[in-house]
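All of the numbers you see were taken from the coordinates with simple rules; none came from a lab. What you see is a predicted model; the values in this text were computed from it and never measured. For neighbour counting, all protein chains shown are included, and Cβ atoms are generated from backbone atoms with ideal geometry for every residue, glycine included.
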Amino acid sequence: MSQHRIDARGMKCPRPIVELAKARRRAAPGDVLEIRADDLAFDRDVVAWCETTGCELLELRRDVEGARATIQLPGAGGSGGGA
Amino acid sequence: MVPDLERDAAAPTPQSGGSVASELESRVAALEARASGPVVEDSVSIACFSGDWDRLFAAFVIANGAAAMGQTVHVFLTFWGAAALRDAVGSWGDRSAIDRLIGYMLPAGPARARLSRMHWFGLGKRFFEWRMRRRGVPLLPDLVQEAVDLGVQVHLCEMSADLLGLRLDDFRNLGDVEPCGVASFLRDATRGRVTLFI
């Protein structure tokens, strides 16, 4: 299990979630994605993205530099789905 | 509303217990039949009719978002949308004079599409593109390329392409574009939960 960092600061919708989707393709099941973004729509979008793709949103924080989300992909033996 | 609800709830009481059970059974059977009906998949079908730069932009933001969410995305190019999304034109050589004439009059490629409002002879579009670059908003050609990279399936309406003198060759930038008709659009749209006409 490894961790992938994505810096989507300065990107507007839909680029942050597109970057998430690309990172998810590169990652292995059970990996953790950590993404930073300052788009104001990102907080709600990342929740929707996780719900739809079956990923688990471990943490979502927002500070002066923007939002930081930690996401765990469904494990190989897990029940999480998504295409 | 409340009296109706009470009447509904009270309705089975005068009857015997057996008929309540059989009615429940038939209702469950009806629900099961509905659940095992046509296959519903997590797909989004977008009919791209408009060739306006801003409408195409909206269509491809949705296409990108849906693809990023892991949904299957079908984009159906028809009429002005098909014309605006073609690549640099394939080979002119074997086309009729009228096909060539229409080809010259239509915008070639998403970068040349026009704004539906505030186009101002192209100045408005340049202004918005400048703002988009500064704000990290992807431009239309990038969005289209990204959609193709994410696996969005592009279908070309054969009938309108023929009317506008367009060929599959003109769409090589959009991955494996398939010619389609209204039936294949409706089949894909019916299977999915979201269908948009833009």
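Within a Cβ distance under 11 Å of B:LEU115, other residues only, what is the Lys/Arg minus Asp/Glu net charge?
On the way: positive: B:ARG55, B:ARG114, B:ARG117, B:LYS125, B:ARG126; negative: B:ASP52, B:ASP54, B:GLU129.
Charge balance near B:LEU115 sits at +2.
For the protein assembly as shown, report the translational diffusion coefficient in µm²/s to the nearest whole number, using Stokes-Einstein at 20 °C, 1.002 mPa s, and a Kirkwood Rh over Cα pairs.
Numbers: Rh = 21.9 Å.
The calculation lands on 98 µm²/s.
Expressed in nm to one decimal, what extension gain is obtained for the pair B:SER22 and B:ASP142 from 0.36 nm per residue of sequence separation less their Cα-Cα distance? Write down the numbers at each step before the final one.
Details: separation 120, 0.36 × 120 = 43.20 nm, distance 5.94 nm.
Fully extending the segment from B:SER22 to B:ASP142 adds 37.3 nm.
In debye to the nearest 20, how big a dipole does the protein assembly as shown give about its Cα centre with +1 on each Lys and Arg Cβ and -1 on each Asp and Glu Cβ? All intermediate terms of the calculation are to be shown ahead of the outcome.
Numbers: 34 positive and 37 negative charges, 249 e Å.
The dipole of the protein assembly as shown has a size of about 1200 debye.
Report ³J(HN,Hα) in whole Hz for each residue of region B:97-107, in order, from the Karplus equation J = 6.51 cos²θ - 1.76 cosθ + 1.60 where θ = phi - 60°; Gly and Pro get x.
Values, residue by residue: 4, 5, 4, 5, 4, 4, x, 5, 7, 8, x Hz.
Can you list the residues, at least 5 places off or on another chain, whose amide H is less than 5 Å from the amide H of B:PHE197, using H built in the peptide plane?
B:ALA47
Quick one: what are the phi-derived ³J(HN,Hα) couplings along region B:157-172, Karplus 6.51/-1.76/1.60 with θ = phi - 60°, whole Hz, x for glycine and proline?
Once θ is set to phi - 60°, the couplings for region B:157-172 become 5, 4, 5, 6, 4, 5, 4, 8, x, 9, 10, 4, 3, 6, 10, 5 Hz.
Take every residue in peptide B:133-142, count the Cβ atoms of other chains within 10 Å of its Cβ, and give the average of those counts.
Working: counts 0, 1, 4, 10, 6, 6, 0, 0, 0, 1.
Partner-chain Cβ atoms within 10 Å, mean over residues of B:133-142: 3.
At R0 = 41 Å, how high is the FRET efficiency between B:LEU31 and A:VAL47 if r is their beta carbon distance? Nearest 0.05 is fine. Show your work: numbers first, answer last.
Values: r = 31 Å, r/R0 = 0.75.
Between B:LEU31 and A:VAL47 the formula returns 0.85.
Kirkwood Rh and Cα-based Rg: tell me the resulting Rg over Rh for chain A, rounded to two decimals. Display every interim value, and only then the final one.
Values: Rg = 11.8 Å, Rh = 12.5 Å.
Rg/Rh for chain A comes to 0.94.
Given q = 0.15, 0.22, 0.25, 0.26 Å⁻¹, what are the Debye log10 I(q)/I(0) values for region B:129-198, with equal point scatterers placed on the Cα positions and solvent ignored?
-0.66, -1.07, -1.17, -1.19
Can you work out ³J(HN,Hα) from phi for every residue in region A:30-46, in order, using Karplus 6.51 cos²θ - 1.76 cosθ + 1.60 and θ = phi - 60°, giving whole Hz and x for Gly and Pro?
x, 5, 10, 10, 10, 10, 10, 8, 10, 5, 5, 7, 5, 4, 6, 5, 5
At q = 0.19 Å⁻¹, what is the base-10 log of I(q)/I(0) for chain B according to the Debye formula with one equal point scatterer per Cα and no solvent? Please give it to two decimals.
Values, matching the q order: -1.31.
Taking 7 Å along the Cα-to-C-beta vector as the label spot, tell me the A:LEU40-A:ARG62 distance in nanometres, rounded to one decimal.
So the label points at A:LEU40 and A:ARG62 sit 0.9 nm apart.
Quickly work out the B:ASP94-to-B:MET132 label distance, labels modelled 7 Å from Cα along the C-beta direction, and quote it in nm with one decimal.
Calculated label separation equals 3.5 nm.
7 Å from Cα along Cα→Cβ at both B:MET105 and B:ASP149: what's the point-to-point distance in nm?
If labels sit at B:MET105 and B:ASP149, their model points lie 3.7 nm apart.
Going by Cα centres, region B:60-114 and region A:1-76 are how many Å apart?
32 Å
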